[in-house]
Each structure stands twice: as C-alpha cells, then as structure tokens.
Amino acid sequence: VHHSHRSGAMMGGGAMMGGSSRVGMIGGGMGAMGYQSAVAYSAAPSCEESCLVAACGGDDGGPGMMTYVGSGGSYTTETTYKYVGMLLVIILVVIIGGTPVTTTTPKPEGPPQDCLLWGDPHIDTFDHGFPNFYGEGEYWIVKSPMVSIQGRYLATPFTNGLSATHQIAVGGEFLSGHTIVVGPMENGQIAFDGQVIMQAFPSTFVQGDIMLSYNGEGKLVDNAQGHLMKHIVHMDLPLGVHLQVMRWANHLNVRITMTPRAGGQDGTCGNFNGSPSDDTTQAITARGFAQRVPPDELLFHMQAQVGPGGKTLTIADCPPKKRQHGMDVCKGDQPAASGKLLESCIFDVCFAGDQYAGEDGLAESEAKS
C-alpha cells in the first residue's frame with residue numbers, strides 16, 4: 001500500500017479500502033488500508049511532516065513533483081511515501097493517552113443513620129446493635145478510607161474504675177489532614193489541629209467547609225432533662241458527616257450522623273451494613289476493633305497511659321437493692337425507657353452514680369430500643 005502525501009488546505013474527508021488516495025485543495029482522508037493527510041507548505045516538508053514519516057517507518061518514494069491543481073488553484077509539491085508502520089495504532093494511542101484522567105470522591109451508599117455513645121460507654125450502632133466495651137485507651141469508632149473517628153475511653157473516680165468516653169477525635173482524608181479533638185468540661189478542651197478553640201460559650205469556628213459551633217442546643221436534648229446544663233459541640237463536616245458531642249464534667253456523650261461509606265467501614269459503631277446481628281460485642285471484637293489503635297494510626301497526639309484494663313461487669317454484679325434504686329431513678333428521669341436502654345441506665349447508676357440517669361437520658365431518648 002502506498003501513502004500519498006500532498007500539501008494543500010485540508011477542508012474535507014474521504015476514505016477508501018486500498019491503494020492510495022489523492023487530494024488537492026479540498027480533500028484528505030484515511031482508509032482502512034491507506035492514509036492521507038494534507039499540510040500546506042511552500043518548498044520543503046515541515047518538521048511535523050518529517051516526524052510523521054519517521055514515526056510511520058516510511059521512506060521517500062522519490063523526488064517531489066510540482067502539480068497544478070484546478071482553476072484558481074496553485075502549484076503544490078507532491079511526494080509519495082511508502083506506508084509500512086502502524087499509524088492508526090499510533091494515532092489511537094496518542095488520542096487515548098491524551099485524555100485527561102479525573103478522580104472523584106466515592107459517593108456514600110444508603111440513607112444516613114445515627115450512632116450514639118453514652119455512659120461508660122454504651123453504644124447504639126448505625127444498625128442499632130448494642131455492644132459494650134470497658135477497656136481503657138483509644139479505639140476506632142469509625143474507620144473508613146475517607147472518614148476516621150476515634151474515641152479515648154478512660155476510667156474516672158466518678159465511675160468507680162469503669163471506663164467512659166473521655167475524648168473523641170475526628171480526622172481522615174475528608175478533612176484534608178485536619179484533626180478535631182473534643183474533651184470533657186473539667187479536664188478537656190476543644191482543639192483544631194492541636195490549637196485550643198471555642199473557649200467562649202456559645203461560640204463558632206469555621207475553617208473552609210468545616211463548621212463548628214458550641215452551644216446548648218441539639219437533638220440530644222429532650223425536655224425531661226431540661227434542668228441540666230448542656231454544653232454541646234456541633235460539627236458540620238464534608239461528605240454530610242455530622243457530630244454532636246455533649247460535654248459533661250468528666251466524660252462525653254456523642255451522636256454521629258453519616259451515610260455508609262463507599263468502600264466499607266467498621267469500628268465500635270459497627271460496619272453499617274444494615275444488619276444489627278453482626279454489631280454485637282463479640283462480633284466487633286472478633287473483627288479486631290476491641291484492640292487499641294496502633295500508634296501509627298492514632299489521631300490523638302499520643303497514647304494515654306492506662307491501667308491493666310477496665311473492669312468487666314454486668315448488671316448481675318449490681319446488688320438487688322442498688323439495682324432497684326437504679327430502676328427507680330432511671331424510670332423517674334426516663335419513664336418510657338425499657339429493654340437494653342433501661343438496663344444500661346440501671347448499670348450506670350449502680351456503678352457510677354445517680355447523676356448518670358439524667359445524663360444518659362439525653363442520649364438514650366434518641367436511641368432505638
């Protein structure tokens with residue numbers, strides 16, 4: 001097959017199934033077996049033409065020849081080259097290789113749900129399982145490719161050695177490398193990238209599309225506990241992730257609202273797959289999330305110094321008289337409480353004190369029984 005190259009103004013297109021195609025001032029084409037282009041020049045082939053021939057592996061088929069093209073046309077130089085390469089493949093590679101590659105953030109999957117943490121600590125997962133974890137240290141609450149949330153659980157004098165949620169840290173790719181940490185009222189702070197913020201009450205903080213506010217309003221509040229002073233940190237974050245962190249004297253109650261992340265997620269708030277059956281304490285422990293966060297994955301500045309581990313107690317360890325007292329206190333603050341929510345309230349009153357009946361009620365009133 002011969003490749004015919006002819007200079008002139010390229011204004012049209014044609015195709016043929018073999019042989020050579022000739023054009024003057026009005027044509028150019030590429031067939032399945034032959035290729036033709038038209039490039040204007042005066043006396044000598046341009047650099048682009050020479051490169052094209054070299055790329056195709058062609059050779060000069062002979063000296064150029066001056067040809068007169070049509071009425072009103074002009075003399076052009078016509079040179080014929082042999083086609084021996086894979087020009088079509090080269091063109092396709094260049095076209096495909098030149099296509100810009102774009103990346104997008106994976107879309108969330110499914111409707112948003114809440115995960116609640118309260119007391120020492122009790123958890124209502126996104127799928128409404130109710131696991132309990134008593135160990136001290138830092139643990140994954142939500143671990144996903146984009147969103148990272150960790151909790152620090154510590155024993156306090158007010159919980160008789162039982163661990164409670166002491167701090168929560170939020171970070172990950174969706175915050176572009178930023179980290180937010182919230183602690184309790186008496187021995188904690190609100191920090192952004194290690195710098196203390198929102199020391200006044202109420203107050204707000206904005207950094208790009210990260211919006212924080214600190215006030216006494218929020219869904220965690222219900223009218224039955226209107227006598228308690230609330231200090232709530234609200235986080236409105238990218239990807240539709242929202243947190244409400246209720247700060248008590250020595251511990252936190254937390255609500256996390258988000259959609260299940262593309263690529264999956266897991267942690268003490270569960271794997272968000274729509275099934276509560278695999279959000280039990282045993283199932284989450286088997287997946288490795290009852291182990292402390294390794295230092296190289298930590299959102300906190302450093303690991304906390306903790307004892308050999310929190311006590312593992314059940315409601316059966318509460319003496320009958322104290323358990324009845326817990327029942328009375330919890331029902332007084334939460335008349336509608338029942339099932340696991342009532343049991344968790346009685347547990348906290350038994351081992352941590354009466355104040356937990358009211359404090360837990362702010363979270364439990366929103367949990368699913």
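Annotations for the structure displayed:
- Test: residue in segment 169-179 that is under 28 Å from residue 339 (Cα atoms), among the charged types (D, E, K, R) and open to solvent by 10 Å² or more (accessible area, probe 1.4 Å): no
- Against the criterion of being modelled with pLDDT under 65, over 30 Å from residue 194 (Cβ atoms) and open to solvent by 70 Å² or more (accessible area, probe 1.4 Å), residue 368 qualifies.
- Considering segment 244-281, the residues that are more than 23 Å from the chain's Cα centre (by Cα) and β-branched (Val, Ile, Thr) include one that is farthest from residue 120 (Cα to Cα), namely 280.
- Among the residues of segment 117-172, just one is farther than 11 Å from residue 269 by Cβ and of a type in the set (Lys, Arg), namely 152.
- Within segment 297-323, tally of residues that are surrounded by fewer than 16 Cβ atoms within 10 Å (Cβ to Cβ) and either of a type in the set (Asp, Glu) or at pLDDT 80 or above (or both): 10
- Qualifying positions in segment 178-216 - part of a strand (DSSP E or B) and small (Gly, Ala, Ser): 191, 203, 213
- Applying a threshold of 9 Å to beta carbon distances and a minimum spacing of six or more residues, or different chains, the list of pairs starting in segment 193-212 at a residue that is surrounded by fewer than 13 Cβ atoms within 10 Å (Cβ to Cβ) and ending at one that is of a type in the set (A, V, I, L, M, F, W, C) reads 194/181; 196/190; 199/190; 206/212; 209/237.
- Residue 254 being of a type in the set (A, V, I, L, M), assigned to a loop (DSSP other than H, G, I, E, B), in contact (Cβ under 8 Å) with a residue 12 or more places away in the chain and surrounded by 18 or more Cβ atoms within 10 Å (Cβ to Cβ): no
Residue by residue, here is whether (1) without any contact (Cβ under 8 Å) to a residue 24 or more places away in the chain; (2) crowded, with 18+ Cβ neighbours inside 10 Å; (3) closer than 30 Å to residue 211 by Cα holds:
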position	(1), (2), (3)
237	no, yes, yes
268	no, yes, yes
273	no, no, yes
282	yes, no, no
286	yes, no, no
328	yes, no, no
334	no, yes, no
346	no, yes, no
351	no, yes, no
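- Any chance residue 241 is β-branched (Val, Ile, Thr), in contact (Cβ under 8 Å) with a residue 40 or more places away in the chain, closer than 21 Å to residue 134 by Cβ and buried (at least 23 other Cβ atoms within 10 Å of the Cβ): no
- Residue satisfying condition, being at pLDDT 80 or above, assigned to a loop (DSSP other than H, G, I, E, B) and in contact with a helix residue (DSSP H, G or I) (Cβ under 8 Å, 6 or more places away or on another chain), within set 270, 326, 288, 263: 270
- Only strands (runs of 3 or more DSSP E) whose full extent lies in segment 64-170 are considered here, and the ones with at least 3 residues that are at pLDDT below 50 are 65-68, 75-82.
The values are calculated or read from the model by the stated rules, or taken from the named source; none is laboratory data. Just so we're clear, the structure is a prediction, and the values are computed from it rather than from any experiment. Neighbour counts are summed over all protein chains in view; Cβ atoms, including those assigned to glycine, are modelled from backbone coordinates with ideal geometry. In case anyone asks, the SASA skips ligands and DNA or RNA and just uses the protein heavy atoms, side chains included. Shrake-Rupley method; radii C 1.70, N 1.55, O 1.52, S 1.80 Å.
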